[in-house]
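Visitor: Before I ask anything, let me first share the structure, which is written out below as C-alpha cells.
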Amino acid sequence: MLQDGDTLNTAVKPGLTDVVNQQIAPLQQKLERALVNADSLFTGINTVLNQEGKDNMSTTLADLSKTIKSINGVAASLDQLLDSQEGNLTTTLDNFAKISSNVNQLTDSLAQSNIKQTLVAFENTVNRLNGILSDIEQGKGSMGKLMKDESVYNNIQATTKEIELLIKDLKEHPKRYVHFSLFGKKETPYEEKKNE
C-alpha cells in the first residue's frame, strides 16, 4: 500500500510517432556514421591528391565528357546514314536473297545433273591424251618419229625446199611443164640451176 508522500512510478504508452522515432533512430545513427566515413574519405583523397593530380583528374573528366559527346555525334551520324541509305540497304538485302536463291537453284541443278558420268568421260579422255603424248615421247607413230628422229625432220625439210624450188621454176618456166601443141613439139628437159 502506498503511504502518504510516496512517489508513484508512471509510464506513458508510446504513440505512433514515438514508435517511428524508435525505429528511425538506429538508421539515423548508421547514416551519420556513413556520412562521417564519406567525409573522412574525401578528406583523405584531398590530402593524397596534390594540385597536379586534381588538375589531371579534372582534365580526365573533361576528356571523358568530350569522348561521350563524340560517341553521341557518331551515333547520330550513323542514324542519319542508315536513314538515308535505307532504300539501298533494302535493295542490297533483296539482291543478296536473289543471289542466295540462284545459288540454291544451281546447287540443286548440279545435284540432279549427271556429273559423275561427265567426270568419268573427262578422265577417260585425259587418259587417252596422256597415252598419245606418251607414244609421241617414245617416238611411236608419225608425230613421234617427227619429234624424235632427226632424219625424218631433215627429209621433210629437204622435201619442202624441193617443192619451193619446183613451184618457183614452174612460175618462171611454165612451158617446161605444160605442153600444148597441135603438131607435137619436142620436150625440153629439166635442168637444175646450180646457183640456188
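Read-outs throughout are calculated quantities, based only on the coordinates presented, and are distinct from any laboratory measurement. It should be emphasised that the depicted structure is a prediction, and the values quoted were computed from it without experimental measurement. No Cβ is skipped: glycine too gets one built from the backbone with ideal geometry, and neighbour counts run over all protein chains shown.
Visitor: Please compute the contact order of the chain in relative form: average sequence separation of alpha-carbon pairs under 8 Å and at least six residues apart, divided by the residue count, as a percent.
Guide: Dividing the mean separation by the residue count of the chain yields 4 percent.
Visitor: Could I ask something else about it? Exposure proxy check: Lys69, Lys148 ranked by fewest other beta carbons within 10 Å?
Guide: Listed from fewest to most nearby Cβ atoms, that is Lys69, Lys148.
Visitor: Further question on the same structure: Looking at (1) -0.73, -1.41; (2) -1.10, -1.30; (3) -0.84, -1.37, which value of log10 I(q)/I(0) by the Debye sum over Cα atoms at q = 0.13, 0.19 Å⁻¹ comes from a calculation on the structure shown?
Guide: After the calculation, the listed value that fits is (2).
Visitor: With N residues in the stretch 22-110, what two-decimal value do you get for its Cα radius of gyration over 2.2 N^0.38 Å?
Guide: In units of the 2.2 N^0.38 Å rule of thumb, it is 2.45.
Visitor: Given the DSSP H assignment, sum -39500 (n - 2.57) over each helix run of at least 4 residues in the chain and divide by its residue total; what's the result at 222 nm in deg cm²/dmol, nearest 500?
Guide: Taking each H run of at least 4 residues, the total per residue is -26500 deg cm²/dmol.
Visitor: Using the number of other C-beta atoms within 10 angstrom as an exposure proxy, rank Lys13, Lys116 with the fewest first.
Guide: In increasing order of surrounding Cβ atoms, one gets Lys13, Lys116.
Visitor: Let me ask something else. Can you give the angle from 0 to 90° between the axis of helix 51-84 and the longest principal axis of the chain, with both taken from C-alpha atoms, to the nearest 10?
Guide: With rounding to tens, the tilt is 50 degrees.
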